[in-house]
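Novice: A single structure is presented below for examination.
The values are calculated or read from the model by the stated rules, or taken from the named source; none is laboratory data. Predicted model only: the values in this text are computed from it and were never measured. Backbone-built Cβ (ideal geometry, glycine too); neighbour counts: all protein chains shown.
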2 protein chains.
Amino acid sequence: MGSLNVRAVPGLPEVRIGEDLAALIAEAAVRAGAPLADGEIVVVAHKVVSKAEGAVVALGDVEPGEQARELAARFAAETGQPRDPRAVQVVLDQTREVVRAERGVLISRTHHGFVCANAGVDASNAAEDTLVLLPRDPDGSARRLRAGLAQSCGVEVAVLIADSFGRAWRHGQVDVAIGLAGLDPLQDWRGRHDARGMQLRATWLALADALAALGELVRAKDSGEPVAVVAGLERLLTVEDGPGAAALLRPAEEDLFL
Amino acid sequence: MGSLNVRAVPGLPEVRIGEDLAALIAEAAVRAGAPLADGEIVVVAHKVVSKAEGAVVALGDVEPGEQARELAARFAAETGQPRDPRAVQVVLDQTREVVRAERGVLISRTHHGFVCANAGVDASNAAEDTLVLLPRDPDGSARRLRAGLAQSCGVEVAVLIADSFGRAWRHGQVDVAIGLAGLDPLQDWRGRHDARGMQLRATWLALADALAALGELVRAKDSGEPVAVVAGLERLLTVEDGPGAAALLRPAEEDLFL
């Protein structure tokens, strides 16, 4: 019988730039009485990765350009709320392409290729007057974290870095994978058939996104628990780091859901 | 420390029209040595619900119309694969609005309002020359299943009916909630603040979709295990059946991700 267990890792200290996140996670898991074990999947909210890597911007260092000032003024008018043009500039700096800018919301395609609100830039859980960016190379971050966990506690795990994205057609946000190491992001059953030889319809499963969504179920957003560990899915792990979450990006020209 | 457990329910027999799905699930769980318990969430792939409700069409009973014949001919030309115009007619019958019809793929808004490939119509795990539709009223199906489980084994559970949908911007499918009873589909933290008083960015979590995605992680698609049970999230359950998965539908005019 298939089963899995997900546990939050409590007690992670506030993460600062340059800190060894792998060691912090490994130690917190030990303190919680549930050390990491071979075959587990470590799901990390991107924010602590960004902080450890210094992917943080102080608003005082930002000089807003023309487009940022215009957007901030328009958003303020649309929403009736003040909008800091420096924060808009930070979002634009992370944006390869503005998908929509309406009703105070900026939907961006980031330099990585992710499509999300505000290019993933976030003020929550950040120090005052700073904004947290997405990691520059989340797949690289996941690979380093995986190697760091192997080194600091001798375990072979997979690492998934998650962020909460809105979606087309449906309300609310779900966590998706933005970085990944040690796991295939997609399970490809195309061409596979069911027990009676019929072609399967749902045949290209985004397992990494399903795993990312698990994290939000075990930790309250404001609890300071950015790490969840999934046990029982050893069969999904790969020796190689694999193609990463970048393999989940669908080019717009192939996209029939738009 | 937050934690949850997910287990597949093995040994569900082939489901036929008119059968008591609640009793079949309850009995299978008992046979597996893990009976349903209060506070658990029962995640059911929609296919068995559709079969029990008779939401199944025999292709021999279908007379394709003009639009179905045209689309089938075009899809066959686009893909180089034959396409049965009767199957296209079945999809059109389930479609309120054709979102896209390209490269052999029909993206529909269903009569329920879901946007998905082929209006959710599926040949996999169906008897030969039949197609399985989405349940007519999946939230109603979830409420009846919940009541049936309360009656047949005296447990207070939540019920979630899932289907695998493709997404905009990202490759692969994930399971989402199409029917729900006993659980709020969205956790609304808008206006809530983090530990240091900063406004949270991800504040409207589609928990029902995160739960739906769990199901695909514990069961292989071709294993005949359409039911998964989530334990450890009692705090999410509601006494009332609640607004159902219909509350997850985002009207196109509000959608900034398109």
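Novice: Evaluate the following for B:ARG170: is it surrounded by fewer than 20 Cβ atoms within 10 Å (Cβ to Cβ) and either closer than 27 Å to A:ALA208 by Cα or at pLDDT 95 or above (or both)?
Specialist: Criteria not met by B:ARG170.
Novice: So, one more: Return the residues of segment A:20-57 that are closer than 21 Å to A:THR130 by Cβ and either at pLDDT below 95 or within 14 Å of chain B (Cβ to nearest Cβ) (or both); say none if nothing qualifies. Full working, then the answer.
Specialist: Taking segment A:20-57 first, the residues closer than 21 Å to A:THR130 by Cβ are A:21, A:24, A:44-57.
A:ALA45, A:HIS46, A:LYS47, A:VAL48, A:SER50, A:LYS51, A:VAL56, listed by residue number.
Novice: Can I ask one more? Is it true that some residue in segment B:105-117 is of a type in the set (S, T, N, Q), surrounded by 24 or more Cβ atoms within 10 Å (Cβ to Cβ) and within 14 Å of chain A (Cβ to nearest Cβ)?
Specialist: No, segment B:105-117 contains no residue that is of a type in the set (S, T, N, Q), surrounded by 24 or more Cβ atoms within 10 Å (Cβ to Cβ) and within 14 Å of chain A (Cβ to nearest Cβ).
Novice: Taking A:VAL99 as meeting all but one of (1) part of a loop (DSSP other than H, G, I, E, B); (2) modelled with pLDDT under 95, write down the number of the exception.
Specialist: Failing condition for A:VAL99: (1).
Novice: Shifting gears a bit: Does A:VAL15 satisfy the condition of being crowded, with 19+ Cβ neighbours inside 10 Å and out of contact with any Gly (no Cβ under 9 Å at 6 or more places or on another chain)?
Specialist: Numbers: crowded, with 19+ Cβ neighbours inside 10 Å: yes; out of contact with any Gly (no Cβ under 9 Å at 6 or more places or on another chain): yes.
Spelling it out, A:VAL15 is indeed crowded, with 19+ Cβ neighbours inside 10 Å and out of contact with any Gly (no Cβ under 9 Å at 6 or more places or on another chain).
Novice: Please verify whether segment B:192-201 includes one or more residues that are touching a helix residue (DSSP H, G or I) at 6+ places or on another chain (Cβ under 8 Å), modelled with pLDDT under 95 and within 8 Å of chain A (Cβ to nearest Cβ).
Specialist: Yes, segment B:192-201 contains a residue that is touching a helix residue (DSSP H, G or I) at 6+ places or on another chain (Cβ under 8 Å), modelled with pLDDT under 95 and within 8 Å of chain A (Cβ to nearest Cβ).
Novice: Against the definition (in the same structural domain as B:ASP38 (by TED's automatic domain parsing) and surrounded by fewer than 24 Cβ atoms within 10 Å (Cβ to Cβ)), how does B:ASP184 come out, yes or no?
Specialist: yes
Novice: If you take just the strands (runs of 3 or more DSSP E) that sit entirely in segment A:121-193, which of them hold at least 1 residues that are without any contact (Cβ under 8 Å) to a residue 60 or more places away in the chain?
Specialist: Values: elements: A:130-132, A:158-166, A:173-181.
Filter on segment A:121-193 gives A:158-166, A:173-181.
Novice: Quick one: would you say A:ARG136 is at the interface with chain B (Cβ under 8 Å from one of its Cβ atoms), more than 24 Å from B:VAL176 (Cα to Cα) and surrounded by fewer than 24 Cβ atoms within 10 Å (Cβ to Cβ)?
Specialist: Taking the combined requirement at face value, the residue does not satisfy it.
Novice: From (1) at pLDDT below 95; (2) crowded, with 16+ Cβ neighbours inside 10 Å; (3) under 22 Å from A:TRP169 (Cα atoms), pick out the condition that doesn't hold for A:GLU254.
Specialist: A:GLU254 satisfies all of (1) at pLDDT below 95; (2) crowded, with 16+ Cβ neighbours inside 10 Å; (3) under 22 Å from A:TRP169 (Cα atoms) except (2).
Novice: OK, next. Could you please find all residues in segment B:23-61 being of a type in the set (Val, Ile, Thr), in a helix (DSSP H, G or I) and buried (at least 19 other Cβ atoms within 10 Å of the Cβ)?
Specialist: B:ILE25, B:VAL48, B:VAL49
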